[in-house]
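Written below as structure tokens is the structure these notes are about.
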Amino acid sequence: MSQYQAALEPLRTLFAAMPPVAALGVEAVDFDGERLHLRAPLAANVNDKGSAFGGSLAALMTVAGWALLTLRLWQLGIEAEVYVADSSIRYLAPLHADLAASAWLDDARDWDGFVATLRERGRARLKVAAQVGLPEGGAASAMQARFVAFAKR
């Protein structure tokens with residue numbers, strides 16, 4: 001098990017402890033140090049048309065962004081509360097399969113500044129991108145979001 005895979009275990013525990021996330025059936029699948037991949041079953045997130053519910057797509061991408069920042073801060077030994085500040089979501093195509101989301105920093109060059117600001121001021125903001133893919137390629141939905149972190153004192 002790689003260092004990144006081992007880092008997913010605390011996330012799995014957190015997901016199980018948060019009722020809305022547990023109800024979606026969210027599972028942490030992979031982390032390569034840059035991108036976090038989550039999955040949720042279609043059966044728990046289906047709408048009246050037999051496709052993925054838009055709210056579930058939004059929730060999964062939001063959880064992916066939150067978890068990405070939380071995980072990366074844990075790796076630095078930084079304890080912080082991470083919240084979504086705002087987001088913009090595009091629904092691009094219906095999804096008739098399990099939901100597979102990934103999240104990454106919108107501009108990876110901003111990470112060092114984010115960490116420095118968090119350490120110096122006790123709070124910082126960072127842009128994150130996420131998407132839920134289609135099995136045949138492309139995206140069912142895409143999100144651009146800003147997250148804020150508050151250092152625990």
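The values are calculated or read from the model by the stated rules, or taken from the named source; none is laboratory data. On a predicted model such as this, the values are computed, not experimentally measured, just so you know. Heads up, the Cβs are rebuilt from the backbone with ideal geometry, glycines too, and the neighbour counts pull from every protein chain shown.
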Determine whether Leu68 is part of a helix (DSSP H, G or I), more than 23 Å from Ala43 (Cα to Cα) and in contact with a Lys or Arg (Cβ under 9 Å, 6 or more places away or on another chain).
yes
Scope the range 48-57; condition exposed (fewer than 14 other Cβ atoms within 10 Å of the Cβ) and either more than 17 Å from the chain's Cα centre (by Cα) or not in a helix (DSSP H, G or I) (or both); matching residues:
Asp48, Lys49, Gly50
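Residues are listed down the side, and each one gets a yes or a no for (1) within 20 Å of Arg39 (Cα to Cα); (2) within 18 Å of the chain's Cα centre (by Cα); (3) touching a residue at least 40 places away in the same chain (Cβ under 8 Å):
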{"site": "Ala59", "(1), (2), (3)": "yes, yes, no"}
{"site": "Gly65", "(1), (2), (3)": "yes, yes, yes"}
{"site": "Leu73", "(1), (2), (3)": "no, yes, yes"}
{"site": "Ala101", "(1), (2), (3)": "yes, yes, yes"}
Candidates Arg146, Arg125, filtered to the one that is under 20 Å from Asp86 (Cβ atoms), charged (D, E, K, R) and under 14 Å from the mean Cα position of the chain (by Cα)
Arg146
So for the range 86-104 (the condition being of a type in the set (Lys, Arg) and within 21 Å of Val21 (Cβ to Cβ)), does at least one residue qualify?
no
Restricting attention to the range 8-25, does a residue exist that is in contact with a Leu (Cβ under 6 Å, 6 or more places away or on another chain), at pLDDT 95 or above and crowded, with 20+ Cβ neighbours inside 10 Å?
no
Give me the pairs: first residue in the range 128-149 and within 17 Å of Leu105 (Cα to Cα) and among the basic types (Lys, Arg), second residue at pLDDT 95 or above and crowded, with 18+ Cβ neighbours inside 10 Å, beta-carbon distance under 8 Å, and six or more apart or on different chains, which are they?
Arg146/Leu126; Arg146/Val128
Are any residues in the range 26-47 of a type in the set (A, V, I, L, M) and surrounded by fewer than 21 Cβ atoms within 10 Å (Cβ to Cβ), and if so, which ones?
Val29, Leu42, Ala43, Ala44, Val46
Filter result (among the β-branched types (Val, Ile, Thr) and either over 16 Å from the mean Cα position of the chain (by Cα) or at pLDDT below 95 (or both)) within the range 75-95:
Ile78
